[in-house]
Amino acid sequence: MSQQSLEQEIERLKKACASLENENKRLKQQLREMKHAEASVGDVDGASFRERYAIKVLDALPDMLTVFDMEETCIDVVSNASTNHVGPSVSELRGTKMKDNLPADAYYNIHNNLEKVKATGKSSVSYHELNVHGEHRYFENRIFPLDDNYALVMCRDVSDRAEIERKRSMFRKALDTVSDGVVGVRADGKLIYANKQIKTMYGIEDFLKNDDVSQLQAMWKEDSFQECVQRIQEQGGITTFQFKLQDERTGEITFHHVTAFVMQDDEQASYWFFSKDITEVIKSRDKYREVNRLLDAILNNVPVYLYVKDTGNDFRYIYWNKAFAEFSKIPASHVLGKTDFEVFPNVEDAKHFREDDLKLMEVGDNINKQESYVNAEGETRVVQTLKTLVYREGGSPLLVGVSWDMTDMTNIEQELVKARIKAEQSDRLKSAFLANMSHEIRTPLNSIVGFSSLMATAQTNADRKRFASIIKENADILLRLINDVLDIAKIEAGTLEYVRRPINLRKVWFSIFDTYCNRVPQGVELKLEVPPTELIISEDRSRLLQVIGNLVTNAIKFTHQGSITVGYTMEKQCAHCFVKDTGVGIAAEKREQIFDRFVKLNIFAQGTGLGLSICKMLVQKWDGKIWVESEVGKGSTFHFTIPLHR
């Protein structure tokens, strides 16, 4: 039985009860008036009012009044003939036995009632049923002893009242069988009705004998009943709320959801409360929430992207885990309820994802592929994605995506490929270097050995000086070659000696100028550009001279006319050193390789191809930077910096 039908039935029963109550009041008022008239008139012409109006009073009553003797013989019917409901006429009833005119069940009810009157000498009431004109009716029989020989039997048709009571009983049984607790309370706080569930819930035996609403205080929580009534009225006559109840006997706590509403009749308002036990619902909800929290914690801590889209709602996101938010730099709060076109900064990525989603819906099979996207910070991420459909009953399927971020692995693979290519290139360069070393070492050695022999047979001092100069020049070349090889070996082994001491950078450049001003080819001018103030730095003087010397030597080697300018400028946090020449220049495709080991742009030029590589390593050792700017045919400028924080 639904709540609405219960409300309608309660309303109908209340109206029926009110109608019976009004009829009862009318009859009582009529009897009071008759008694008053009798008392005021007294004897009229020697006859009492009762005697004069008795017949009219009896005819006015709706009951069938029959006089029987104690042997159950009908003496007379003293009421109006219209009240006769047993079948035979009044004249036919006189002198007949009670059992001859009634069905067995009705007879035994009246018979037993009469026996009770005979035994006690007092009036008694019982009930019986009869079929009157094909309709089943209910009657109340009241028997009054007139004297020792006669009794008055008053039979009243109470079918309407019995029907109301029957429906009321059925209604009570129905309310006792429902799972909800039902309580009816008058506006003054007195209980009207409480079903079995409420009695059990509050542990109250005789509920209606103590009809104080305070027994239900737990239902209103901290409020009073009147405050609850006020809330019902403020919310349009109906409200809902929840409360918890602790069993004083067991200590068990239960949770209840209450629907409360007001019912207004002609006399007064009543308030009805339907209380539903939602303890299991609360427990299931809490368990569901706990499982959700656990799953969410798991899904948010796995190092893969996890996301869910609703295919029935334009592929809008309904889940976006922590890993996806961290890699994409897009928080879940900016994603949920939105499409790819509203989420990703690159429209082409969104189009690509939508195409995959539509393809998945079309074929219904999993999609597994490697793809890339641009995150919110403009970084390109590479992922391996698996998309699948999860079907659900009564709704469109969900699209579940799992992506493994492959960006770092892809970068590592690319670096490994580059390293492999570089290693292969380095291996080739080493092979070329070793092949070239025989020539580079043999050439100065041959000069040293040959001119040493010639020097012994020289005829003049001029020849001896010239031969000595050639021997020294080739010895310097050989020494520089050996030093470069040893330096590379020390750098790779981590044993290179590097001792920092305070040095005057301006004087270092003057020393370089003095050393190389006479070594530049004819037609080439060496220039020095330094600030006017001195600058003291803390570095290894010999290593700084080695870097500058290598750069100036290269400039001299490849500059045949014009100028070579050396020096430095002061910047905010470093000294910016440079060696600028007007030589042959370096092609753009070879600039990236110029600082690699064993690289020689001109295989016919003297050198090992290690000088610039050593320069780069030394500059990096003092946390500086080195680079080159060049244009073929116009010259090159090598730059390097010396941090001043040291």
More than 17 Å apart - percent of Cα-Cα pairs taken over the range 44-155: 55
Projected area averaged over all directions for the convex hull of the alpha carbon atoms of the range 286-414, nm², comes out at 8.7
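At a Förster radius of 51 Å, what calculated FRET efficiency corresponds to the Cβ-Cβ distance of T259 and E355, to the nearest 0.05? Before the final figure, lay out the partial values.
Working: r = 51 Å, r/R0 = 1.00.
E between T259 and E355, to the nearest 0.05, is 0.50.
Would you mind checking the pairs K173/K283; K507/K527; K507/K634 and listing those with alpha carbons more than 20 angstrom apart?
K173/K283; K507/K634
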Rounded to one decimal in nm, the spacing of the 7 Å Cα→Cβ label points at F243 and E115 is 5.2
Using a 1.4 angstrom probe on the protein heavy atoms only, line up M263, M617 by accessible area, largest first. M617, M263
Roughly how far apart, in whole Å, are the Cα centres of the range 377-407 and the range 125-173? 78
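Starting from the range 47-141, pick out the GluC sites (Glu not before Pro) whose DSSP state is loop and whose Cβ has at most 10 other Cβ atoms within 10 Å.
Numbers: sites: E51, E71, E72, E92, E115, E129, E135, E140; in loops: E71, E72.
Answer by residue number: E71.
What per residue convex hull volume, in Å³, comes out for the range 249-350 when only alpha-carbon positions are used?
196
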Mind counting lysine pairs for me in the range 306-435? Cα separation below 15 Å, and the two need to be 8 or more apart along the chain or on different chains. 9
For the range 525-604, report the % of Cα-Cα distances exceeding 19 Å. 48
Eligible aspartates and glutamates near K199 by straight Cα distance, threshold 19 Å, same-chain separation 8 or greater: D176, D180, D211, D212, D247, E248, E252, D277
Going out from 0 in 10 Å bins, what whole percent of all Cα-Cα distances in the range 469-548 drops into each bin? 14, 35, 35, 16, 0
Test item: Cα-centred dipole of the range 253-324, Lys/Arg +1 and Asp/Glu -1 on Cβ, debye: 720
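The values are calculated or read from the model by the stated rules, or taken from the named source; none is laboratory data. From a predicted model like this one, the values you see are computed outputs, not experimental measurements. With ideal geometry, Cβ positions are generated from the backbone for all residues, glycine too; neighbour counts draw on all protein chains shown. Note: accessible area is taken over every heavy atom of the protein model, side chains too, but ligands, DNA and RNA are not part of it. Shrake-Rupley method; radii C 1.70, N 1.55, O 1.52, S 1.80 Å.
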